[in-house]
Amino acid sequence: MEPIILASTSPRRQEILKNLGIPFTVMSPTYDEANIPGMKPQALAEYHSMKKVESIVRMQLNITIPWVLGADTLIVADGVIFGKPENRADAERMLKTFSGKTHEVITAISLFEASKQFISSRTSVNQVSFMDLDNDQINRYLDTGEWQGVAGAYRIQGLASCFISSIQGTHSGIMGLPIHDLYAILREHGYAFTF
C-alpha cells in the first residue's frame, strides 16, 4: 500500500492507521481551528479537516507522497461545541454538562489525492450517552489528568469509558478516525489496498 501523510499528531489516529496496516508519515498542520459563527457543527468539522489537509499541501509544494489525510472531531451538546478544556474547571464544566445526557461526537475526514489535485470529505456523527455523574466521580476522574488535551475532556478508550452508558455510531468515529468512512474514501479515490 502507498504511504499517506496524516495531517494530525493524534496518537489515536496513528493507532488506527497502524492497526489497518496503512503506512503513514505524521505532519502537524499549521491551521488553527476556530469557530465560525453561523456554521453548523458538521460543516465546521469538515471545514477544519479540509483546512488541515490544505495546510500540509501548501507546505509540501513538491509532494512525493500523493495522499494527505486530515480529520477533525467536535463534541456537541445542546447545540454548543465543546473543544479541548482550558483548565480543570473547564473540564469539570464539560463533564457536568454531559452527565446523564446524550451528546454528539462528530468526526470529519478529508483526503487529498495529488494526481487529481482533489480533496473530498466524509463525516461520521455518533451519539454518546453518559450515566449520571456525581461530584466525587468527576473529581476523581479529573485527578487522573486524562482530560487534558482532548475535546470534551474525555477519551472513549480511557477511564471515562466507565461513564458511557451507550453509544450509537462507531467506536473509531468517536476516537477520531472512523474506519468505515476512511476505507470508503480511500477506495473512492482508488487507493490500492492489499487486503
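A few points about this structure:
- The condition of being out of contact with any strand residue (DSSP E or B) (no Cβ under 9 Å at 6 or more places or on another chain) and either of a type in the set (Lys, Arg) or at pLDDT 95 or above (or both) holds for only one of 18, 101, 84, 51, that being 84.
- When we screen 124, 165, 120 for residues that are out of contact with any Lys or Arg (no Cβ under 9 Å at 6 or more places or on another chain), of a type in the set (Gly, Ala, Ser) and over 20 Å from residue 104 (Cβ atoms), the only hit is 120.
- Residues in the range 52-62 that are in contact with a Phe, Trp or Tyr (Cβ under 9 Å, 6 or more places away or on another chain) and surrounded by fewer than 22 Cβ atoms within 10 Å (Cβ to Cβ): 54, 55, 57.
- Residue in the range 126-140 that is nearest to residue 50 (Cα to Cα), counting only those that are crowded, with 19+ Cβ neighbours inside 10 Å and within 23 Å of the chain's Cα centre (by Cα): 126
- Verdict on residue 179 being closer than 17 Å to residue 11 by Cα, surrounded by fewer than 20 Cβ atoms within 10 Å (Cβ to Cβ), under 16 Å from the mean Cα position of the chain (by Cα) and of a type in the set (A, V, I, L, M): yes
- Entry remark, the range 1-42: residues being over 14 Å from residue 186 (Cα atoms), assigned to a loop (DSSP other than H, G, I, E, B) and not aliphatic (A, V, I, L, M) number 13 in total.
- Among (1) buried (at least 18 other Cβ atoms within 10 Å of the Cβ); (2) part of a helix (DSSP H, G or I) - the single one residue 162 does not satisfy: (1)
- The numbered conditions (1) in contact (Cβ under 8 Å) with a residue 40 or more places away in the chain; (2) closer than 27 Å to residue 130 by Cβ; (3) β-branched (Val, Ile, Thr); (4) loosely packed, with under 15 Cβ neighbours inside 10 Å are all true for residue 25 except (2).
- Exactly one residue out of 10, 49 is surrounded by fewer than 20 Cβ atoms within 10 Å (Cβ to Cβ) and closer than 19 Å to residue 179 by Cα, and it is 10.
- Whichever residue in the range 89-121 is hydroxyl-bearing (Ser, Thr, Tyr) and over 20 Å from residue 147 (Cβ atoms) and, among such residues, is surrounded by the most Cβ atoms within 10 Å (Cβ to Cβ): 110
- Consider the range 141-159 and keep the residues that are in contact (Cβ under 8 Å) with a residue 60 or more places away in the chain and assigned to a helix (DSSP H, G or I). The one that is nearest to the chain's Cα centre (by Cα) is 151.
The values are calculated or read from the model by the stated rules, or taken from the named source; none is laboratory data. This structure is a prediction, so every number in the text was calculated from the model and none was measured. A quick note on method: Cβ atoms are made from the backbone with ideal geometry, for glycine too, and the neighbour counts reach across all protein chains shown.
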